[in-house]
Amino acid sequence: MTGTKIDTIKIRQLNREQTFEYIKKNPMAARADVAKELNLSFPTVTSIVTELEEAGLIRAEKSTTNTGGRSSMAYSCDENARCAIGIQLSERYMKGLVLNLQGNVIGNVITEKLKFRSDDNYRRKIGELYQRLVREMGLKEGEILGVGITVEGLTDNEGERVTCSFTEQMSDVRREELAKYIPVETRLFHDMTAAGYNQKLKLGQNVFYLSLNSSIGGTVLVQDEVYNGNHNRAGEIGHMRLEKNGRRCYCGNYGCFDAYCNTLILKDAAGGELKDFFAGIDQGNREYERILDEYVERLSDAVFNIRMLYDDTVLIGGELGEYADYFIEKVWGILDSQDIYREESAKDYVKVCEDGENVIAIGAAMYYINQAAVRL
């Protein structure tokens with residue numbers, strides 16, 4: 001009996017989630033259209049639509065007239081009725097943004113250069129970032145579905161603590177500590193797991209998202225769902241070994257992908273900023289060109305290995321994704337010259353992610369957007 005009740009609840013949640021997603025994608029949807037497209041009974045859809053409307057997630061737009069002359073209501077997502085916040089904590093900065101129910105960033109993305117620390121002053125800074133987002137958007141706490149907080153470390157399944165991090169300050173950090181000054185529901189995410197909730201990564205096919213930042217990470221999406229592996233470690237591509245006795249990586253090993261292709265290599269060459277490095281490329285700086293060529297060779301090696309292992313589309317993102325025009329054609333050319341299958345061009349399976357460096361923070365907020373209808 002208990003099992004049957006749980007199954008019924010899950011089915012109801014799934015139907016509600018699917019109905020809400022359909023209405024979000026199809027504004028002015030009639031109940032009959034929802035029932036037909038989702039293969040649900042009309043009474044079931046009517047009941048779910050009532051729940052969604054009472055919760056403020058959708059609104060009745062206007063009456064429409066069908067061929068029988070009888071009027072029915074059309075429904076659309078009330079996209080600004082609720083929102084979610086994503087806060088990304090990096091070793092060197094923190095970033096925050098707000099998403100509406102359609103998953104669109106509203107307002108400004110706030111980034112502050114601040115070294116990560118596990119002390120109360122840093123926690124206050126997180127709280128101040130949250131309050132600034134709330135203040136700038138004129139939000140009320142009842143409108144906020146939750147706050148997703150990402151860290152550069154593996155987290156447990158409950159989103160309560162960091163289980164593994166190569167950054168000493170982030171080791172064994174707990175959600176309740178980081179969220180001490182945030183008065184709404186929060187959840188902790190490994191940054192790459194959070195990225196997997198971002199709708200821009202879901203292409204209706206298997207995807208490997210490669211994040212190129214001051215450290216390198218990856219997310220594996222199988223049929224649009226995040227694959228975490230047996231111990232939540234899937235996608236830790238930054239520690240794939242490219243050279244046996246190569247450069248020392250921050251993890252302590254030698255020859256890791258991260259040691260050759262983190263963006264600090266380019267930033268440090270230009271004195272600290274990526275934009276300055278690529279401005280130098282535009283100006284014909286030969287040393288920068290040499291560094292970029294070496295970088296692209298290593299990046300292409302890694303993408304080749306990812307492709308051989310997963311046979312997925314590879315999405316290149318992170319902060320370097322915004323500068324892909326400077327190197328993506330070189331990557332395609334190298335991969336095409338190494339291709340052992342000769343069935344498709346690298347241009348077909350290596351793409352650039354649209355959201356660039358905001359993918360992680362957006363994904364953290366999207367967790368709560370995706371849960372909006374399920375939790376009613």
Just to be sure I understand the filter: pairs with C-beta atoms under 7 Å, separated by 6 or more residues or on different chains, first member in the stretch 166-184 and part of a helix (DSSP H, G or I), second member aromatic (Phe, Trp, Tyr). Which pairs pass?
169/116; 170/116
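Residue-by-condition table, conditions (1) more than 30 Å from residue 95 (Cα to Cα); (2) within 23 Å of the chain's Cα centre (by Cα); (3) at pLDDT 95 or above:
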position: 287; (1), (2), (3): yes, no, yes
position: 331; (1), (2), (3): no, no, yes
position: 358; (1), (2), (3): no, yes, no
position: 368; (1), (2), (3): no, yes, yes
position: 372; (1), (2), (3): no, yes, no
Residue check: is residue 299 open to solvent by less than 50 Å² (accessible area, probe 1.4 Å), assigned to a helix (DSSP H, G or I) and within 29 Å of residue 98 (Cβ to Cβ)?
no
Given the criteria open to solvent by 70 Å² or more (accessible area, probe 1.4 Å), out of contact with any His (no Cβ under 8 Å at 6 or more places or on another chain) and under 29 Å from residue 264 (Cα atoms), does residue 104 qualify?
no
What residue, of 242, 335, is touching a strand residue (DSSP E or B) at 6+ places or on another chain (Cβ under 9 Å) and farther than 30 Å from residue 162 by Cβ?
335
When residues of the stretch 339-361 are filtered for being open to solvent by 20 Å² or more (accessible area, probe 1.4 Å), β-branched (Val, Ile, Thr) and not in a loop (DSSP other than H, G, I, E, B), how many remain?
1
Candidate set: the stretch 164-223, residues that are under 28 Å from residue 101 (Cβ atoms) and acidic (Asp, Glu); chosen: the one surrounded by the fewest Cβ atoms within 10 Å (Cβ to Cβ):
176
Going residue by residue through the stretch 229-240, is there one that turns out to be open to solvent by less than 60 Å² (accessible area, probe 1.4 Å) and more than 21 Å from the chain's Cα centre (by Cα)?
yes
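The values are calculated or read from the model by the stated rules, or taken from the named source; none is laboratory data. Computed from a predicted model, the values in this text were never measured in an experiment. Here the Cβ is made from the backbone with ideal geometry for all residues, glycine too, and neighbour counts use every protein chain on show. With ligands, DNA and RNA removed, areas are computed over all heavy atoms of the protein, side chains included. Shrake-Rupley method; radii C 1.70, N 1.55, O 1.52, S 1.80 Å.
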